[in-house]
Amino acid sequence: MENKLTDEIYNSLVQELRRGNIILSVLSQLHIPQYGYSLVVSLDEKGVPVEPGTLYPLLRRLEKQNILESTWDTNASKPRKYYKLSKNGGKVYDELCKEWFKIAKNMENILKSQE
Amino acid sequence: MEIVNRYIYAVTKSFSGKQKAEIEKELKANIDEMIEQNQSAATNEEKAKKAILELGDPEKLADNYRGTKRYIIGPKYYELYKFVLKIVIGAVIGGISIALLVGSIFTANQTFVTTNYLSAIFSGALQAFAWTTIIFMIVERKNFTLEDSYLEKNEWNLTKLPQLPDKKTEIPLSEPIFSIIITTIFFSIFFGLLFSAPEIFAAYFKVGKDLVTIPIFNIAVLQGYRILIIGIFILSILREVLKIYYRKWTLKHAIIHSSILIVATIFTLIMITDNNLWNPNFTTEISKYAKLDFNILNILQNIKNWIVVIIVGINIFEIVLVLYKGIFQFKKLK
């Protein structure tokens with residue numbers, strides 16, 4: 001019982017750690033237009049699984065924030081909504097990347113100095 | 001497929017308009033895609049179920065689309081809500097007890113009063129619970145929109161720190177709590193009597209050895225005003241809850257308080273100035289028992305006018321007072 005509890009806590013901590021990286025991972029895939037499900041698959045293949053229930057609403061929110069832009073493709077057998085980085089989103093992504101590398105470097109330093 | 005439609009309905013039912021249509025369309029496309037990309041040998045129905053399970057609890061998905069959680073009464077008000085609820089329910093139970101006790105003295109039918117005590121307490125407490133909850137629901141919704149626009153438009157800065165409360169504009173906690181208790185007890189007694197022993201609202205005369213009562217009100221009309229009376233009660237409680245929330249007179253608080261007061265006053269005046277509310281035979285009956293050598297009709301009309309003047313006067317005084325305090329606080333901030 002106690003083990004189960006610590007497992008639960010551990011899992012929620014891991015989730016918390018991953019959550020902060022979801023947006024950057026998603027943005028990194030959207031230099032080319034992708035639709036919701038293809039994005040789920042490609043992120044999963046790259047070892048960054050994001051649940052569809054988290055991803056679909058996130059795409060919509062990022063579109064509202066002018067970071068993504070979308071188009072409906074109605075030519076295929078099934079209509080698909082394609083998302084890609086907007087011009088503004090591209091700039092935001094570049095800045096976020098810089099920030100992320102800075103954080104990664106600092107985190108590495110801080111964690112290694114404790115060993 | 002029915003199950004897909006049911007799922008989409010469950011996610012989008014709390015949205016409206018364009019947003020709802022967009023989310024529906026997008027979610028449908030995503031689920032169709034998930035079904036199509038599933039290469040297993042399962043039937044379409046099973047594939048749909050799997051896709052839906054992957055998307056998870058529709059309520060949570062809706063929260064994700066919305067970006068915020070929705071509460072009937074959120075964490076910001078929950079403590080205050082519990083606090084007010086305890087006071088109001090306590091006061092209602094106390095008030096009904098007193099009302100029925102007083103009522104039992106004046107009614108011959110003792111068993112009626114005692115057998116009805118428990119059901120009156122129960123329905124009274126239930127009403128108190130419901131109305132308090134509704135008031136807080138309104139406050140919660142109202143504040144929600146206020147806060148959203150606040151976050152969008154205004155950056156927090158040092159000047160936004162609230163002033164330390166000034167003795168002049170501060171509202172001691174005891175004031176609204178005392179008011180809530182008194183108001184609730186008064187309304188519970190009034191309401192309890194209105195429906196259990198309405199004959200109590202009368203003028204009493206001793207004629208020889210008999211006690212004669214003449215009803216002041218036309219009871220059916222007075223009972224018909226119950227919605228308005230409940231409205232006045234809710235507005236009074238709302239004013240006190242706002243006092244507990246703000247704890248001082250700011251310009252905004254003073255304006256909201258005054259507006260509520262004006263509406264409540266209008267409600268009261270609508271009732272009092274309704275001639276049907278008063279027992280039409282009151283004057284003729286009263287002259288039968290009391291030998292008066294002045295015109296009772298004139299006196300009564302004057303009393304009615306004076307009641308209106310006093311109510312309006314008291315309320316104007318209160319409005320001027322709170323607006324003065326609100327403006328005082330506002331000027332100090334400048």
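The values are calculated or read from the model by the stated rules, or taken from the named source; none is laboratory data. Worth saying up front: this structure is predicted, and the values here are computed from it rather than measured. Positions of Cβ are generated from backbone atoms using ideal geometry, with glycine treated the same way; all protein chains shown enter the neighbour counts.
Summary table
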{"read-out": "Of residues in the stretch B:266-288 being among the aromatic types (Phe, Trp, Tyr) and more than 10 Å from B:Val221 (Cβ to Cβ), the one surrounded by the fewest Cβ atoms within 10 Å (Cβ to Cβ)", "value": "B:Phe267"}
{"read-out": "Residue check for B:Thr213: without any contact (Cβ under 8 Å) to a residue 24 or more places away in the chain and within 24 Å of B:Thr273 (Cα to Cα)", "value": "yes"}
{"read-out": "Restricting the stretch B:179-237 to residues that are under 30 Å from B:Ile135 (Cα atoms) and hydroxyl-bearing (Ser, Thr, Tyr), the residue that is surrounded by the fewest Cβ atoms within 10 Å (Cβ to Cβ)", "value": "B:Ser179"}
{"read-out": "Qualifying residue in the stretch B:31-53 (condition: away from chain A (no Cβ under 13 Å) and either β-branched (Val, Ile, Thr) or under 12 Å from A:Pro52 (Cα atoms) (or both))", "value": "yes"}
{"read-out": "Which numbered condition B:Asn64 fails, given (1) at the interface with another protein chain (Cβ under 7 Å from one of its Cβ atoms); (2) modelled with pLDDT of 90 or more", "value": "(2)"}
{"read-out": "Any hit, the stretch A:102-110, residues being over 22 Å from B:Met34 (Cβ atoms), among the charged types (D, E, K, R), more than 10 Å from chain B (Cβ to nearest Cβ) and surrounded by 14 or more Cβ atoms within 10 Å (Cβ to Cβ)", "value": "no"}
{"read-out": "Filtered residues of the stretch A:24-38 (kept if touching a residue at least 40 places away in the same chain (Cβ under 8 Å), surrounded by fewer than 21 Cβ atoms within 10 Å (Cβ to Cβ) and under 20 Å from B:Gly56 (Cα atoms))", "value": "none"}
{"read-out": "B:Gly74 vs. criteria facing chain A (nearest Cβ under 9 Å) and either in contact with a strand residue (DSSP E or B) (Cβ under 9 Å, 6 or more places away or on another chain) or surrounded by 14 or more Cβ atoms within 10 Å (Cβ to Cβ) (or both)", "value": "no"}
{"read-out": "Some residue of the stretch A:51-72 being modelled with pLDDT under 90, in contact with a Phe, Trp or Tyr (Cβ under 6 Å, 6 or more places away or on another chain) and under 21 Å from B:Ala51 (Cβ atoms)", "value": "no"}
{"read-out": "Failed item, numbered, when B:Val113 is tested on (1) surrounded by 15 or more Cβ atoms within 10 Å (Cβ to Cβ); (2) modelled with pLDDT of 80 or more", "value": "(2)"}
{"read-out": "Subset of the stretch A:39-56 [more than 9 Å from chain B (Cβ to nearest Cβ), β-branched (Val, Ile, Thr) and crowded, with 18+ Cβ neighbours inside 10 Å]", "value": "A:Val50"}
{"read-out": "Some residue of the stretch B:16-24 being among the aliphatic types (A, V, I, L, M), buried (at least 19 other Cβ atoms within 10 Å of the Cβ), more than 13 Å from A:Gly36 (Cβ to Cβ) and facing another protein chain (nearest Cβ under 10 Å)", "value": "no"}
{"read-out": "Enumeration of residues in the stretch A:69-93 that are within 14 Å of another protein chain (Cβ to nearest Cβ), buried (at least 16 other Cβ atoms within 10 Å of the Cβ) and farther than 14 Å from B:Glu22 by Cβ", "value": "A:Arg80, A:Tyr82"}
{"read-out": "The listed residue being among the hydrophobic types (A, V, I, L, M, F, W, C) and assigned by TED's automatic domain parsing to the domain that holds B:Phe129, out of B:Ala51, B:Ala62, B:Ala99", "value": "B:Ala99"}
{"read-out": "Residue match in the stretch A:3-15 (condition: aliphatic (A, V, I, L, M) and closer than 20 Å to A:Val92 by Cβ)", "value": "no"}
{"read-out": "Residues being over 18 Å from A:Ile32 (Cα atoms) and touching a residue at least 12 places away in the same chain (Cβ under 8 Å) - total across the stretch A:54-95", "value": "1"}
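Results for (1) within 11 Å of chain B (Cβ to nearest Cβ); (2) under 16 Å from the mean Cα position of the chain (by Cα); (3) surrounded by 16 or more Cβ atoms within 10 Å (Cβ to Cβ), shown as yes or no for each residue.
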position: A:Glu16; (1), (2), (3): no, yes, no
position: A:Leu58; (1), (2), (3): yes, yes, yes
position: A:Glu95; (1), (2), (3): no, yes, no
position: A:Gln114; (1), (2), (3): no, no, no
